[in-house]
Amino acid sequence: MLAKYKKVGKVLSVSMVAVLSLSLLAACGKKEEATTEPKDTSAVVATYDGGTITANEFDMEQRVMKFLYPEYAQMMDMDDFKEYLVKQEVAYEYLSGKASDAAKTEGEKTATEQFDKMKASVQADQWTEMLKAQNLTDQNIKDYMTRIMTVIKDKETGVTEDAIKAEFEKNKDQFTTASVRHVLINFTDPKTQKERKKEDALKLAKEVKAKLDGGADFAEIAKKYSEDTGSAEKGGLYEDTPVASWVDAFKEAAKTLPLNKISDPVETEYGYHIMKVEKRTEADYAKLTAEQKETLKSQLAAAEIDTFMTSELDKIVKEVKLPKTDKAEEGTTEGTTEGTTEGTTGTGTGTEGEKTDAGTDTKTDQGTTGTDKDTKTDESTDTSGK
């Protein structure tokens, strides 16, 4: 696989596990496919052990990726990115073909359940219009989802309870939540939009701390002084938020500060935060729900798929013969019939997201949340601070 797209591939494969959200459906657009499948006579663009990918099949794969991840649309005309995508298509075709009958049955069942949830989240007339805009059918989408979920379910069969526990230990932050109040003094003055010197921001933060240490009400101080527009009007509160959604310094403080203690200024990439942790719920494997365990199981399955793509896939790919991009627009590879198709599933996470002002994964602008534009979601959000 191409090293520079390794993280993109991880995002794509992992996020296939989730149900497509209404917001993504509303935001995306595409086209192609009829109700029948005429014979595909288009050129072969990839050959691998046991199969081939045609130009029509790859053309549809590109459309699906644009539908799922519109942020990658401009990359679709890049030759090396197209090579990455065709190899990813090979991976799922190859692995689904090798899956057990039980995994195929379970994959189809899960895909149908996800499809029904997806469709139910959209008004009937809107759903019809979206299908029409993409020139897709319900079955196209189900078929694509079934292929992805078959691979996931097949890889899940090898996941043990011990492996799930070990994954939990590595990802406790994913399940630990905290309610935190904070006041942010930004490194950029929100009124003038001019950069503040660090020492000036720190001085203001210490003044805020002095007021709080003197008994001032935290919520009132936050409303008056906090420059985090995402929480100031709520008295600086982020309630029952996964600590993994915050950048490192803020996250560590949320995990370790004694409850209801006013912190010293905590520096992040956004500025200085005066924090108070009001509640913290520690993660406990014994208290995980079945759904949470399934999430960990899926993460392990997805990691195995990613390892296959990185270490094994090139060994089974025999030849890739994609036409070079000259004037190509919208990924139209050689001849397109109306028959070959795949639908869509997944989230854009997935997100990955925009930044929020201060702390949550709803992400807006200047806060504590880390953001990775590749979205987010390897497994989810990149919470690293700068």
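The values are calculated or read from the model by the stated rules, or taken from the named source; none is laboratory data. None of the values given here were measured: they were computed from a predicted structure. Heads up, the Cβs are rebuilt from the backbone with ideal geometry, glycines too, and the neighbour counts pull from every protein chain shown. Accessible surface is based on the protein model in full, side chains and every heavy atom, while ligands, DNA and RNA are left aside. Shrake-Rupley method; radii C 1.70, N 1.55, O 1.52, S 1.80 Å.
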Q) Regarding Ala290, is this residue open to solvent by less than 20 Å² (accessible area, probe 1.4 Å) and at pLDDT 50 or above? A) no
Q.
Quick check on segment 119-136: of everything there that is outside any helix (DSSP H, G or I) and surrounded by fewer than 22 Cβ atoms within 10 Å (Cβ to Cβ), which residue is nearest to the chain's Cα centre (by Cα)?
A. Ser121
Q) Out of curiosity, is Asn171 touching a strand residue (DSSP E or B) at 6+ places or on another chain (Cβ under 8 Å) and of a type in the set (S, T, N, Q)? A) no
Q. With respect to Leu202, is the statement that it is closer than 28 Å to Lys234 by Cβ and assigned to a helix (DSSP H, G or I) true?
A. yes
Q. Between a first residue in segment 236-247 that is without any contact (Cβ under 8 Å) to a residue 60 or more places away in the chain and a second residue that is crowded, with 20+ Cβ neighbours inside 10 Å and part of a helix (DSSP H, G or I), which pairs have beta carbons less than 7 Å apart while being 6 or more apart in sequence or on different chains?
A. Gly236/Phe218; Gly236/Ala222
(Q) Of the conditions (1) in contact with a helix residue (DSSP H, G or I) (Cβ under 8 Å, 6 or more places away or on another chain); (2) more than 19 Å from Leu300 (Cα to Cα); (3) modelled with pLDDT of 90 or more, Ala73 satisfies every one except a single condition; which number is it? (A) (3)
Q.
Restricting to segment 181-220, name every residue that is of a type in the set (Asp, Glu), open to solvent by 80 Å² or more (accessible area, probe 1.4 Å) and within 35 Å of the chain's Cα centre (by Cα).
A. Glu195
Q) Which residues, counting only those in segment 42-61, are crowded, with 23+ Cβ neighbours inside 10 Å and polar (S, T, N, Q)? A) Asn56
Q) Could you list, in sequence order, the residues of segment 165-180 that are assigned to a helix (DSSP H, G or I) and open to solvent by less than 10 Å² (accessible area, probe 1.4 Å)? A) Phe168
Q. Among the residues of segment 137-157, how many are in contact with a Leu (Cβ under 9 Å, 6 or more places away or on another chain), at pLDDT below 90 and surrounded by fewer than 22 Cβ atoms within 10 Å (Cβ to Cβ)?
A. 2
Q: Out of the residues in segment 221-280 that are of a type in the set (D, E, K, R) and in a strand (DSSP E or B), state the one that is surrounded by the most Cβ atoms within 10 Å (Cβ to Cβ).
A: Lys276
